[in-house]
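Input: a single structure, listed below in structure tokens.
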Amino acid sequence: MKSASILFLSLLLAFKMSAQQRIIAECTITYSIVAADSASIKMKEALKASSKTVYIKGNESRVNLVSPAFNQSVIYDKTSGGATILREFGSNKFITKLDNDKWLSENKQFENTRVETTEEHKTILGYDCTKAFIHLRDSSIYTIYYATSIIPSVKEFEYLFKDVTGLVLSYESLGRKGERIIYTATKVNLSPIPISVFAIPNSGYRSL
């Protein structure tokens, strides 16, 4: 009888959590990028002039990273599990197409991660966000804040976040020399996105 009561309470809690959380199948998220104090002035200025924009529509996502030195877009199709990477260095444009196996190989360092949630919260753009740590197999640790009330229909737009049960609105990564780089959402737009945003160009790019 006691076991049945525990099971019922667990199911009730799970149902309550799912009822409070909604899946967003269409959204645009814009992130600012800043470097911690340990970074050089040149790097801080470059990141200040950079931005990251995530587009999600159904089973598709596109991540645009714009910086003074280069631009990069990663277009991911959750249905096929494949991705297309577009890179621009000045007038030079390159395209890389990855099937599901190659996409997984590119992100193998983010497999078998462990998400450790904490009791710490903060509000970002009006969303209550939980602080958590993502532990990688190589002992690296990423700090994130994610909104628990909404979850994107495509979490693999950042493969590191695939096991996070919410929308990540702030996170830290490391630069080449170990500098802390902080991404923070500055806008979440739930308006419809044109399908053309996810179109793969047929010309103008060299295969890489």
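Readers should treat all values here as calculations from the given coordinates under stated rules, not as data from a laboratory. Keep in mind it's a predicted model, so treat the numbers as computed, not measured. In this analysis, Cβ positions are derived from the backbone assuming ideal geometry, glycine residues included, and neighbour counts consider all displayed protein chains.
So the values come out like this:
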item: For S73, net neighbour charge (Lys/Arg +1, Asp/Glu -1) across residues whose Cβ lies under 12 Å away; result: +3
item: Cβ-based exposure ranking for I29, I41, in which fewest neighbours within 10 Å come first; result: I41, I29
item: Neighbour net charge for E120 - beta-carbon separation under 15 angstrom, K R +1, D E -1; result: -2
item: Cα gyration tensor of the stretch 130-204 - equivalent ellipsoid semi-axes, whole Å, descending; result: 26, 18, 13
item: Table column - 3J(HN,Hα) (Hz), the stretch 95-110, Karplus curve with 6.51, -1.76, 1.60, x for Gly and Pro; result: 10, 10, 10, 10, 7, 4, 5, 6, 4, 5, 5, 4, 10, 4, 5, 9
item: Straight-distance crosslink candidates among lysines, where the alpha carbon sits under 29 Å from K108 and sequence neighbours closer than 8 are dropped; result: K52, K57, K78, K93, K97, K131, K155, K162, K177
item: Summed side-chain charge close to I56 - residues other than I56 whose Cβ falls under 15 Å, Lys, Arg +1, Asp, Glu -1; result: +3
item: Computed [θ] at 222 nm, helices only, for the chain once each DSSP H run of length n ≥ 4 contributes -39500 (n - 2.57); result: -5000 deg cm²/dmol
item: Exposure proxy ranking, count of Cβ atoms within 10 Å, fewest first, for K42, K57; result: K42, K57
item: Where Rh is the Kirkwood radius over Cα pairs, Rg/Rh for the stretch 20-207; result: 0.95
item: Packing-based ranking, highest mean first, of 188-195, 160-167 given that Cβ atoms within 10 Å are counted; result: 160-167, 188-195
item: 5 angstrom amide H check on L167, placed H, neighbours 5+ away; result: A147, I150
item: Size of charge dipole - the chain - debye, nearest 20, with Cβ of Lys, Arg +1 and Asp, Glu -1, no other charges; result: 240 debye
item: Residues H135, H121 arranged by fewest to most Cβ contacts within 10 Å; result: H121, H135
